[in-house]
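Have a look at the structure below before the remarks.
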Amino acid sequence: MMTVVLLANDATLLGPLREAFTRQAPELRVVLADDPAAIHAQVAACWYPPANSMARLPNLQLVHSVAAGVDHLNSDPSRPDVPACRVVDPDHRQGMTEYVRWAVLHFHRDFDRVTAQQRQNVWQRHPQRPAGQYKVGVMGLGSLGAAIASDLAGAGYAVRGWARSPRQLPGVACHHGESQFNAFLDGLDMLINLLPLTDATRGVLCASTFASLALGAVIVNGGRGQHVLVDDLEQALTSGQLRGAVLDVFETEPLPVDDRLWQMPGVIITPHMASAASHDCIARQVAENARRLANGESLNNLVDPTLGY
Ligand code: NDP
């Protein structure tokens, strides 16, 4: 029998996830870390696994993220050198698409300005700018970024995309690699980050990136908190180089109550809510990979260990 152990820093996740496994994969034995049967686990299903939790699991053959990202798997330094997989959920794309549409409209149609005006009883219209003149760039054209770029192109925006390798998406001017980064950024009104967090992408939202955008541009960070250099962000917002920043992810989550980002002018904070895979979808995908592992078949949504995503 395959045993899956659930490892998470968030205890509130464990119960609902376990119930989803009971519904979706009754053939699996699903246990928590303190269960003596955990020692038999071949699969660990993880969200920020506690440090050294995997050191006590000698039979692990697969470390499975319960999310799209896999950077959080490194929160346990005892993670063994076995394959890692992640969840790719179509509903994830829908959630992220809705989140990004809201952010784009909020700034493109000046809702940030008019809601601020309302607080001062000011009636003032701003010139309406056609979507085709609003330049939006999407960093990361994977499972999420490609869907977002296509959705925005369908809504009439002038969309550019950037990935590591060449991509083709109808209606999206695709760029790739370091050599095309500046051409991608040049004069964008909005920059949306949907990159995975790796050594190559950490800190990508920094002063030099902001300086390449249009004056008064906006950033949307749906990737990871470590993509943003907060000092640089504060400076760019203060100078007016950036008009706003929509931040869904943070280096420390929940964002501490005394974090300066809460009150930083121009910043909109959302509590890592852009999109989440459903517990049932997670259970189905982990169970399918457990089945594949048991049968010696190739695994779905495998992470490339050299690229880190
Ligand atoms: P994918 O792995 O499917 O796509 C990653 C994309 O980033 C690919 O297009 C890849 O390029 C590109 N990329 C990676 N490294 C680089 C680099 N060094 N330079 C340029 N491009 C690069 O990831 P997903 O779309 O599924 O998810 C992206 C991230 O979104 C997750 O890792 C997670 O951090 C975040 N996320 C946030 C959520 C939220 O609620 N805020 C919810 C879900 C995910 P290439 O195509 O060439 O491989």
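The values are calculated or read from the model by the stated rules, or taken from the named source; none is laboratory data. Owing to the predicted nature of the structure, the values given are computational and were not obtained by experimental measurement. Cβ placement follows ideal geometry from the backbone for every residue including glycine, while neighbour counts extend to all protein chains displayed. Calculation scope for accessible area: heavy atoms of the full protein, side chains included, ligands and nucleic acids excluded. Shrake-Rupley method; radii C 1.70, N 1.55, O 1.52, S 1.80 Å.
Residue by residue through the stretch 71-78, what is 3J(HN,Hα) from phi via Karplus (6.51 cos²θ - 1.76 cosθ + 1.60, θ = phi - 60°)? Round to whole Hz and write x for glycine and proline.
Computed from phi, the couplings for the stretch 71-78 are 4, 5, 4, 6, 5, 10, x, 8 Hz.
Which of the peptides 133-140, 44-51, 268-275, 302-309 is most tightly packed, and how do the rest follow, judged by the mean count of other Cβ atoms within 10 Å per residue?
133-140, 44-51, 268-275, 302-309
Using mean Cβ contacts within 10 Å as the protection proxy, how do 103-113, 6-16, 186-196 order, highest first?
Answer by packing, highest mean first, reads 186-196, 103-113, 6-16.
May I ask you to evaluate 6.51 cos²θ - 1.76 cosθ + 1.60, the Karplus curve with θ = phi - 60°, for each residue of the stretch 98-112 and list the ³J(HN,Hα) values in order in whole Hz, giving x for glycine and proline?
With coefficients 6.51, -1.76 and 1.60, one gets 5, 4, 5, 4, 4, 5, 5, 5, 4, 8, 4, 9, 6, 5, 5 Hz.
Could you tell me which of A200, L188, L242 has its Cα farthest along the dipole of the stretch 160-272 towards the positive end, charges placed at Cβ (Lys, Arg +1; Asp, Glu -1), taken about the Cα centre?
The Cα lying farthest towards the positive end belongs to L188.
Kirkwood hydrodynamic radius for the stretch 70-157: how many Å is it when counted over pairs of different Cα atoms?
16.1 Å
Calculate, for the stretch 240-309, the solvent-accessible area per residue in square angstrom, rolling a 1.4 angstrom probe over the heavy atoms of the protein chains.
53 Å²
Taking all protein chains in place and a 1.4 Å probe, what share, in percent, of the accessible surface of the chain do carbon and sulfur account for?
Of all accessible area on the chain, carbon and sulfur atoms account for 52 percent.
Tell me which residues come under 5 Å, amide H to amide H, from R164 once H is placed; ignore anything under 5 positions away on its chain.
It is L141, G177, by chain and number.
May I ask you to evaluate 6.51 cos²θ - 1.76 cosθ + 1.60, the Karplus curve with θ = phi - 60°, for each residue of the stretch 292-309 and list the ³J(HN,Hα) values in order in whole Hz, giving x for glycine and proline?
After applying 6.51 cos²θ - 1.76 cosθ + 1.60, I find 4, 4, 4, 9, x, 8, 5, 8, 7, 6, 6, 8, 7, x, 7, 7, x, 8 Hz.
Can you list residues whose amide H is under 5 Å from A67's amide H, if they're 5+ apart or on another chain and H is modeled 1.01 Å from N?
Placed amide hydrogens put V87 under 5 Å from A67.
Can you tell me how the stretch 119-175 classifies by the Cα gyration tensor, rounded, prolate or oblate, using a/c under 1.5 as the rounded cut?
Note, shape of the stretch 119-175 comes out prolate.
How big is the Kirkwood radius of the chain, worked out from every pair of different alpha carbons and given in Å to one decimal?
For the chain, the Kirkwood estimate is 20.7 Å.
Given M139, F107, P90, which one lies farthest toward the positive end of the charge dipole of the stretch 21-173, if we put +1 on the Cβ of every Lys and Arg and -1 on the Cβ of every Asp and Glu?
The residue sitting farthest along the positive end of the dipole is F107.
May I ask you to order 209-221, 30-42 by the average number of other C-beta atoms within 10 Å around their residues, highest value first?
The peptides rank, most packed first, as 209-221, 30-42.
Please list, in chain and number order, the residues 5+ apart from Y157 or on another chain whose amide H is under 5 Å from its amide H, with Hs placed from the backbone.
none
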